Amino acid sequence: MNKTKVHPNVAAASPAVPAAAGEKGEAVSLTVWRRSLLFNGKGFTVFDTNGNLVFRVETYARGGSPREVVLMDAEGVALLTVRRKKLSLAEEWLVYDGDGDEPAPRRFTARRNRSLLRTKSLARLSPPRSLDGTGDVPGCRYDVEGSYAGRSLDMFACTSSASGGNQRRRVASVRRKEAAVGLDVFRLVVEPDLEPALAMAVVILLDQMNAS
(Lines give C-alpha, C1' and ligand atoms only; values in the text may rest on other atoms or scores of the structure.)
Protein backbone atom coordinates (compact mmCIF):
# COMPACT_ATOMS: atom_id res chain seq x y z
CA MET A 1 0.00 0.00 0.00
CA ASN A 2 1.25 3.45 -0.90
CA LYS A 3 1.12 5.20 2.47
CA THR A 4 1.50 8.65 0.89
CA LYS A 5 -2.14 8.34 -0.16
CA VAL A 6 -3.48 7.99 3.34
CA HIS A 7 -1.05 9.75 5.66
CA PRO A 8 -2.47 13.09 6.91
CA ASN A 9 -0.77 16.46 6.85
CA VAL A 10 -0.03 16.52 10.57
CA ALA A 11 1.64 19.90 10.41
CA ALA A 12 -1.60 21.43 9.14
CA ALA A 13 -3.95 20.07 11.78
CA SER A 14 -7.51 21.34 11.35
CA PRO A 15 -9.49 21.02 14.59
CA ALA A 16 -12.19 23.39 13.29
CA VAL A 17 -13.26 21.09 10.44
CA PRO A 18 -15.85 19.06 12.40
CA ALA A 19 -17.85 22.18 13.28
CA ALA A 20 -17.94 23.32 9.65
CA ALA A 21 -20.54 20.75 8.60
CA GLY A 22 -23.53 22.41 10.25
CA GLU A 23 -22.34 25.93 9.42
CA LYS A 24 -22.06 25.29 5.67
CA GLY A 25 -25.02 22.93 5.42
CA GLU A 26 -22.90 20.38 3.58
CA ALA A 27 -21.91 16.80 4.28
CA VAL A 28 -18.36 16.28 5.52
CA SER A 29 -16.24 13.58 3.94
CA LEU A 30 -13.45 12.18 6.11
CA THR A 31 -10.83 9.56 5.42
CA VAL A 32 -10.32 7.12 8.28
CA TRP A 33 -7.02 5.28 8.57
CA ARG A 34 -7.06 2.39 11.03
CA ARG A 35 -3.57 3.19 12.26
CA SER A 36 -2.11 5.35 15.00
CA LEU A 37 0.42 8.07 14.33
CA LEU A 38 2.54 6.62 17.12
CA PHE A 39 5.11 3.99 16.31
CA ASN A 40 3.67 0.53 17.00
CA GLY A 41 0.51 2.17 18.35
CA LYS A 42 -3.02 1.01 17.62
CA GLY A 43 -5.87 3.37 16.90
CA PHE A 44 -7.25 5.63 14.20
CA THR A 45 -6.09 8.65 12.26
CA VAL A 46 -8.78 10.75 10.57
CA PHE A 47 -8.23 13.57 8.10
CA ASP A 48 -10.25 15.78 5.79
CA THR A 49 -10.21 16.09 2.00
CA ASN A 50 -7.23 18.47 2.22
CA GLY A 51 -5.16 15.98 4.19
CA ASN A 52 -5.46 17.90 7.45
CA LEU A 53 -5.61 15.93 10.68
CA VAL A 54 -9.05 16.10 12.29
CA PHE A 55 -9.32 13.24 14.82
CA ARG A 56 -6.98 10.69 16.32
CA VAL A 57 -7.25 7.67 18.57
CA GLU A 58 -4.28 6.02 20.24
CA THR A 59 -4.47 2.85 22.28
CA TYR A 60 -1.75 0.91 24.01
CA ALA A 61 -3.53 -2.30 25.01
CA ARG A 62 -1.83 -5.49 23.90
CA GLY A 63 -4.12 -8.09 22.44
CA GLY A 64 -7.88 -8.02 22.53
CA SER A 65 -9.87 -4.84 22.80
CA PRO A 66 -9.20 -2.05 25.35
CA ARG A 67 -12.02 -1.33 27.79
CA GLU A 68 -11.79 2.42 27.16
CA VAL A 69 -10.94 4.42 24.03
CA VAL A 70 -10.68 8.21 23.84
CA LEU A 71 -11.41 10.16 20.67
CA MET A 72 -9.20 13.26 20.45
CA ASP A 73 -9.07 16.24 18.15
CA ALA A 74 -5.97 17.20 16.18
CA GLU A 75 -4.45 18.91 19.22
CA GLY A 76 -4.93 15.91 21.50
CA VAL A 77 -7.94 17.30 23.38
CA ALA A 78 -10.37 14.56 24.48
CA LEU A 79 -13.74 14.90 22.74
CA LEU A 80 -15.57 11.66 23.54
CA THR A 81 -14.77 8.52 25.50
CA VAL A 82 -16.08 5.07 24.57
CA ARG A 83 -16.07 2.73 27.57
CA ARG A 84 -17.25 -0.87 27.77
CA LYS A 85 -19.67 -1.40 30.63
CA LYS A 86 -18.52 -3.80 33.34
CA LEU A 87 -20.58 -6.69 34.64
CA SER A 88 -23.35 -6.32 32.09
CA LEU A 89 -25.38 -9.26 30.82
CA ALA A 90 -25.84 -7.45 27.52
CA GLU A 91 -22.89 -6.18 25.51
CA GLU A 92 -23.03 -2.50 26.32
CA TRP A 93 -20.74 0.46 25.84
CA LEU A 94 -21.09 3.97 27.31
CA VAL A 95 -20.23 7.16 25.45
CA TYR A 96 -19.11 10.12 27.59
CA ASP A 97 -18.13 13.70 26.84
CA GLY A 98 -14.44 14.52 27.13
CA ASP A 99 -12.10 12.05 28.80
CA GLY A 100 -14.92 10.31 30.65
CA ASP A 101 -13.76 11.37 34.13
CA GLU A 102 -16.45 12.11 36.68
CA PRO A 103 -18.65 14.08 36.49
CA ALA A 104 -18.45 13.85 32.68
CA PRO A 105 -22.01 13.61 31.30
CA ARG A 106 -22.95 10.36 29.57
CA ARG A 107 -24.16 10.93 26.05
CA PHE A 108 -25.33 7.48 25.00
CA THR A 109 -25.58 3.83 25.90
CA ALA A 110 -24.69 1.59 22.95
CA ARG A 111 -25.89 -1.99 22.69
CA ARG A 112 -24.72 -4.58 20.24
CA ASN A 113 -27.46 -6.41 18.37
CA ARG A 114 -27.21 -10.15 19.04
CA SER A 115 -30.52 -11.19 17.47
CA LEU A 116 -30.73 -14.73 16.08
CA LEU A 117 -32.93 -13.40 13.30
CA ARG A 118 -31.32 -12.27 10.09
CA THR A 119 -31.09 -8.51 10.29
CA LYS A 120 -28.95 -5.64 9.04
CA SER A 121 -28.96 -4.01 12.48
CA LEU A 122 -25.56 -3.96 14.20
CA ALA A 123 -26.02 -1.61 17.14
CA ARG A 124 -28.26 0.98 18.74
CA LEU A 125 -27.30 4.14 20.63
CA SER A 126 -29.87 5.38 23.13
CA PRO A 127 -29.91 8.52 25.31
CA PRO A 128 -29.10 7.97 28.99
CA ARG A 129 -31.79 7.29 31.55
CA SER A 130 -33.27 10.22 33.43
CA LEU A 131 -31.91 11.03 36.85
CA ASP A 132 -34.91 9.46 38.61
CA GLY A 133 -34.58 6.31 36.48
CA THR A 134 -38.13 6.52 35.12
CA GLY A 135 -37.20 6.80 31.45
CA ASP A 136 -34.86 8.08 28.81
CA VAL A 137 -34.05 11.76 28.65
CA PRO A 138 -35.33 13.53 25.53
CA GLY A 139 -33.01 12.96 22.62
CA CYS A 140 -32.34 11.16 19.40
CA ARG A 141 -31.73 7.43 19.10
CA TYR A 142 -29.32 6.11 16.51
CA ASP A 143 -29.44 2.79 14.69
CA VAL A 144 -26.46 1.38 12.81
CA GLU A 145 -26.95 -1.08 9.96
CA GLY A 146 -24.73 -2.88 7.49
CA SER A 147 -21.35 -4.59 7.77
CA TYR A 148 -18.38 -3.19 9.63
CA ALA A 149 -16.13 -5.98 8.37
CA GLY A 150 -17.07 -4.99 4.80
CA ARG A 151 -16.81 -1.27 5.60
CA SER A 152 -20.37 -0.66 4.43
CA LEU A 153 -22.46 1.03 7.12
CA ASP A 154 -25.36 3.43 7.49
CA MET A 155 -26.25 5.34 10.64
CA PHE A 156 -29.85 6.47 11.08
CA ALA A 157 -31.28 9.05 13.48
CA CYS A 158 -34.64 8.03 14.92
CA THR A 159 -36.91 10.58 16.55
CA SER A 160 -40.56 10.66 17.59
CA SER A 161 -42.86 13.11 15.87
CA ALA A 162 -45.61 15.16 17.55
CA SER A 163 -48.24 12.90 15.94
CA GLY A 164 -46.76 9.86 17.68
CA GLY A 165 -45.00 8.43 14.65
CA ASN A 166 -41.29 7.82 14.21
CA GLN A 167 -39.01 9.67 11.85
CA ARG A 168 -35.88 8.00 10.52
CA ARG A 169 -33.16 9.59 8.42
CA ARG A 170 -29.64 8.64 7.43
CA VAL A 171 -27.05 10.88 9.06
CA ALA A 172 -23.75 9.12 8.31
CA SER A 173 -22.29 6.34 6.21
CA VAL A 174 -19.09 4.34 5.93
CA ARG A 175 -17.84 3.11 2.57
CA ARG A 176 -14.66 1.57 1.21
CA LYS A 177 -12.33 3.93 -0.59
CA GLU A 178 -12.43 3.76 -4.36
CA ALA A 179 -8.70 3.08 -4.57
CA ALA A 180 -7.54 -0.43 -3.72
CA VAL A 181 -5.98 0.42 -0.34
CA GLY A 182 -7.47 -2.42 1.72
CA LEU A 183 -9.93 -2.33 4.61
CA ASP A 184 -7.75 -0.22 6.92
CA VAL A 185 -8.56 2.93 4.94
CA PHE A 186 -12.19 3.91 4.39
CA ARG A 187 -14.47 6.89 3.94
CA LEU A 188 -16.78 8.38 6.59
CA VAL A 189 -19.44 10.76 5.27
CA VAL A 190 -21.32 12.80 7.87
CA GLU A 191 -24.48 14.75 7.10
CA PRO A 192 -24.86 18.35 8.36
CA ASP A 193 -27.21 17.51 11.23
CA LEU A 194 -24.82 15.08 12.94
CA GLU A 195 -21.73 15.90 14.96
CA PRO A 196 -18.75 14.35 13.10
CA ALA A 197 -17.11 13.42 16.41
CA LEU A 198 -20.15 11.32 17.31
CA ALA A 199 -20.05 9.60 13.92
CA MET A 200 -16.40 8.73 14.53
CA ALA A 201 -17.28 7.46 18.01
CA VAL A 202 -19.71 5.05 16.34
CA VAL A 203 -16.87 3.77 14.16
CA ILE A 204 -14.83 3.18 17.33
CA LEU A 205 -17.78 1.39 18.91
CA LEU A 206 -18.19 -0.98 15.98
CA ASP A 207 -14.47 -1.65 15.91
CA GLN A 208 -14.65 -2.56 19.60
CA MET A 209 -17.71 -4.74 19.08
CA ASN A 210 -16.10 -6.48 16.14
CA ALA A 211 -13.01 -7.26 18.20
CA SER A 212 -14.88 -8.55 21.27
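The values are calculated or read from the model by the stated rules, or taken from the named source; none is laboratory data. Computed from a prediction, not measured in an experiment: that's the story for all the values here. Glycine gets a Cβ as well: all are built from the backbone with ideal geometry, and neighbour counts include every protein chain shown. Keep in mind that these areas ignore ligands, DNA and RNA; they rest on the heavy atoms of the full protein, side chains included. Shrake-Rupley method; radii C 1.70, N 1.55, O 1.52, S 1.80 Å.
Looking at region 89-119, which of the residues that are polar (S, T, N, Q) and open to solvent by 40 Å² or more (accessible area, probe 1.4 Å) is modelled with the lowest pLDDT? Before you say what the answer is, go through the steps one by one.
First, pick out the residues of region 89-119 that are polar (S, T, N, Q): 109, 113, 115, 119.
Within this subset, residues satisfying the condition of being open to solvent by 40 Å² or more (accessible area, probe 1.4 Å) are 113, 115, 119.
On the way: Asn113: 86, Ser115: 70, Thr119: 75.
So the residue we want is Ser115.
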Open item on the list: Given the criterion over 21 Å from Leu125 (Cβ atoms) and modelled with pLDDT under 90, identify the matching residue among Val77, Val17.
Closed with: Val17
